[in-house]
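A short worksheet on the structure shown next.
Nothing in this text is a laboratory measurement; each read-out follows from the coordinates by a stated rule. As the structure is a prediction and not an experimental result, all values here were calculated from the model. For neighbour counting, all protein chains shown are included, and Cβ atoms are generated from backbone atoms with ideal geometry for every residue, glycine included.
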Ligand code: ADP
């Protein structure tokens with residue numbers, strides 16, 4: 001039997017371009033499926049950073065697939081390459097008019113959304129559908145088109161216009177709050193006929209909704225944890241789409257994200273001063289000391305070191321950390337924050353660092369290498385999100401023996417088992433903020449357990465033994481493709 005051919009489509013992929021967890025998933029999931037025998041490939045837009053990184057590593061193949069002019073771009077082509085550090089085949093949508101720009105994939109250098117994003121991601125979706133339909137690369141037509149998030153959510157819509165096409169369409173929601181909403185009059189340039197502009201299809205409160213394309217037209221709609229899959233069917237988490245999702249209930253399911261356990265491995269991580277595994281957790285102390293020195297923090301002996309690696313947005317609940325901080329810090333806890341995002345939160349954390357010098361370190365940037373060092377050094381990782389589709393940082397925390405303290409939502413409750421739980425499989429591995437517990441209450445509870453070295457070591461052992469690799473979820477997706 002021929003291996004199943006899967007075209008993954010994502011606007012981000014680590015290590016080429018990353019603003020959040022989507023990038024990690026898009027890079028690791030297809031690779032894990034290849035290990036299981038699938039012929040998975042990944043289509044990404046040729047943002048400046050992507051093309052430059054691939055060129056610098058000489059990973060672009062000479063053969064170019066010319067598309068010609070499309071969606072207002074004079075020159076559109078597809079490059080073939082490999083994802084750095086892996087054998088994953090990449091298809092890179094090269095359309096300099098739309099993707100060769102400063103800033104990040106979605107906003108310019110001043111944080112303003114690119115005004116032509118409907119066309120940029122319309123083109124991306126259309127190209128994905130053309131490949132899936134067999135028009136662009138006839139010798140490699142996929143069996144499955146697997147689209148991730150709103151940026152490519154029109155691909156199943158474009159493919160629906162080829163009724164004879166048997167390709168299975170799967171749409172994965174990584175965060176329902178990001179929907180790709182634009183003025184309805186973009187529809188004409190996007191070649192979307194009027195029959196698609198109804199409330200049942202792409203119209204959403206007078207706007208054109210990209211994400212509805214994926215939800216309405218895909219054969220299977222997935223999200224990134226079983227709990228989030230249930231939550232989004234309810235008004236509180238449904239972002240206005242819960243009714244539509246309920247109507248598609250039988251095709252909606254949740255598959256928990258995994259992590260790339262090669263890239264995120266404390267035993268081999270080149271970013272760490274000292275590597276360690278379950279048999280050598282004492283080595284973590286070396287990383288702790290080194291990071292405290294690097295970030296100009298006190299050496300307090302045995303105080304709890306809490307790390308946060310996060311986008312600074314309301315979703316992540318970090319305003320609650322600002323409120324709870326004095327109660328935590330007065331107990332001698334140290335806090336390391338790495339993040340960037342909303343200005344009001346950035347200001348709040350800078351003020352906090354000013355009030356607690358040598359006890360709070362705040363780095364307002366995106367720094368992959370520092371993120372690794374924080375997981376390698378921290379005793380605990382704080383993730384107090386208001387909602388969390390899956391969350392990756394608690395998984396990195398588990399892998400690095402930095403016990404997660406998390407709110408009781410989404411993928412956080414699917415992966416973290418509270419210290420007080422008597423659950424056996426998987427056993428307790430962290431702290432879930434109780435429904436009647438405050439954030440500082442949970443952190444101080446964590447501090448008390450931390451003082452009990454035997455119990456703490458057991459929890460670290462449990463955390464580091466948990467298998468959060470892609471092996472099982474990658475297989476679950478392969479099963480879903482034929483289900
Ligand atoms: P989300 O996708 O909602 O931002 P996730 O927890 O799923 O949240 O994934 C976030 C990813 O981005 C993780 O890999 C995390 O380590 C990384 N990350 C977030 N902020 C930063 C930062 N400032 N520097 C480096 N990595 C970051």
Ranked packing of 366-373, 17-24, most packed first, by mean Cβ within 10 Å
17-24, 366-373
Where does each of 384-394, 343-353 land if you order them by average Cβ count within 10 Å, highest first?
384-394, 343-353
Evaluate the relative contact order of the range 402-470 (contact order divided by residue number), counting alpha-carbon pairs under 8 angstrom at least 6 apart; express in whole percent.
31 percent
Using the Kirkwood radius over Cα pairs, work out the Stokes-Einstein diffusion coefficient for the chain at 37 °C and 0.692 mPa s, in µm²/s as a whole number.
141 µm²/s
Just the projected area, averaged over all directions, of the convex hull on the alpha carbon atoms of the range 135-271: how many nm²?
11.4 nm²
Report relative contact order for the chain in percent, whole number only (criteria: Cα-Cα under 8 Å, sequence separation at least 6).
12 percent
Taking the Cα atoms of the range 428-474 alone, what are Rg (to one decimal) and Dmax (as a whole number) in Å?
13.5, 38
Here, the range 1-156 modelled as identical Cα point scatterers in vacuum has Debye log10 I(q)/I(0) at q = 0.13 Å⁻¹ of -0.54
Estimated [θ] at 222 nm from DSSP helical runs (n ≥ 4, -39500 (n - 2.57)) normalised by residues in the chain, nearest 500
-10000 deg cm²/dmol
Quote the Stokes-Einstein diffusion coefficient, in whole µm² s⁻¹, for the range 30-92, based on the Kirkwood radius over alpha carbon pairs, a temperature of 4 °C and a viscosity of 1.567 mPa s.
102 µm²/s
State, as an integer percentage, the relative contact order of the range 235-328 based on alpha-carbon contacts under 8 Å between residues 6 or more apart.
10 percent
Antiparallel as a % of all DSSP beta bridges within the chain, to the nearest 5?
30 percent
What order, most packed first, do the peptides 329-335, 399-405, 302-308 have when packing is the mean number of other Cβ atoms within 10 Å of each residue?
399-405, 302-308, 329-335
